[in-house]
């Protein structure tokens, strides 16, 4: 039996990123008709819009997509539904309420009677309060800043989080520096190391406190090893020098307890420092609403149906716990959307909660090589996030061992003889919401031609409107492979 309510919406989703979009679409598919997505940015897609690199969707869509392409799949489905959106809108507060037979109830958002939550919103149109029979929290996460690290030194310009730098370069078309040191080896930092190199900057080093990298194997290979960027494990930055602008950083080696080893370090000249030192679930709204938070993950405590400590309020994705793969984020969004629909319609949701997808760092698999023979070359497969360690016997017709699938075998042979990469970048566009339009090579091109291809793309200019998949260059670096846009603007 469906719960009776007089709310403005059956479901409100806070956050229009991969988790929120998946939640809203699944709830709609399960029978809810009156759904609203609240998004603080000017467009849907969340962080995916600035993640112009490929590697998304291998599990969810069974193909490799860029961030904008992945988000575009959900946005296209949304356009065919009755789901409403409120963009450029901030959710300021959640006020759980419950009324049974016209009288205040004892438990917020409780079923049986009129069950609502009030959501306080502000936008260019002003301040308003709406009510919902159920709520999904999908606000994502935020980056740790310098303040969380307490690195000694002055406060010069040139210190940014990796995500902020990503947005400046990929969407706004603004270069953040010319000689950039990266602290932390998370995936965003690794990807920005590659992006900076391709845009003509120098990356002297990537510094990691732990004795192993924090990012996915494929990013260790394609972002650091491809461009010979040194990765210093068991190191940290102990001082930032410079008054008006960053001039350099002092790097120190640490022991197994993360304590600085006196005299073991170096000084690196740079004009910019990027911080890629972890993500924190964005839970100011959850905390204000009185939702119980897990002290380990910093996200809401959830039941088996993705429900928080407040009945009728669900959560999913990086707002619960930071996940490595966007595919896992979307899967959790679907679970939360299904549970919210079942809650409103009075159905049970018996499925167990989805678990975050595990990932294995390059260092954790580094000891699996079967041979150190000079005839063998060790590789890390990048065709999927698993990152198998491969051995290629060049003296025996390039026989590949260690691969978990046929694609891995093909990758190993090709990587030794003619390594290929999908090139992703962005080019200027006039008359669009952002100054840059993301593009990619329609197929992998030889790794040795990446910089040539970047030079060719740097000469291009677009004018809005731009269609998804539009060809901007017929023959990229003489490969016969076109460069295409990866989002519509």
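Just so it is clear, none of the values below were taken in a lab; they were calculated from the coordinates. All values reported here derive from a predicted model rather than from experimental measurement. No Cβ is skipped: glycine too gets one built from the backbone with ideal geometry, and neighbour counts run over all protein chains shown.
Descriptive notes on the structure:
- If R0 is taken as 35 Å, the Cβ-Cβ distance between residue 59 and residue 129 corresponds to a FRET efficiency of 0.35.
- In terms of its C-alpha gyration tensor, region 145-275 has an oblate overall shape, because the principal axis ratio a/c (a ≥ b ≥ c, square roots of the eigenvalues) is not below 1.5 and a/b does not outweigh b/c.
- Relative contact order for the chain: 15 percent, from Cα pairs under 8 Å spaced at least 6 residues apart, divided by residue count.
- Added length on full extension, which subtracts the Cα-Cα distance from 0.36 nm per residue, residue 228 to residue 309: 24.3 nm
- Structure-derived volume of the Cα convex hull per residue in Å³ - corresponding label in (1) 144; (2) 166; (3) 183: (2)
- Between helix 326-345 and the chain there is an angle of about 10 degrees, using the helix long axis and the longest principal axis of the Cα atoms.
- In the calculated pair-distance distribution of region 304-346, the portion above 14 angstrom amounts to 44 percent of the Cα-Cα pairs.
- Dimensions of region 129-196 based on its C-alpha atoms, expressed as ranges along the principal axes with the largest first, amount to 52, 29, 23 Å.
- Burial order of peptide ranges 142-151, 55-64, 216-225 (average beta-carbon count within 10 Å, highest first): 216-225, 55-64, 142-151
- The relative contact order of region 1-53 comes to 42 percent, based on Cα pairs under 8 Å that sit 6 or more residues apart.
- The peptide list 329-339, 239-249, put in order of mean Cβ contacts within 10 Å with the highest first, becomes 329-339, 239-249.
- Relative to the longest principal axis of the Cα atoms of the chain, the long axis of helix 187-198 makes an angle of roughly 50 degrees.
- By average C-beta atoms within 10 angstrom, highest first, the peptides 179-187, 15-23: 15-23, 179-187
- Structural size metrics of region 424-485, computed from C-alpha coordinates, are Rg and Dmax of 11.2, 34 Å.
- Estimated [θ] at 222 nm from DSSP helical runs (n ≥ 4, -39500 (n - 2.57)) normalised by residues in the chain, nearest 500: -6000 deg cm²/dmol
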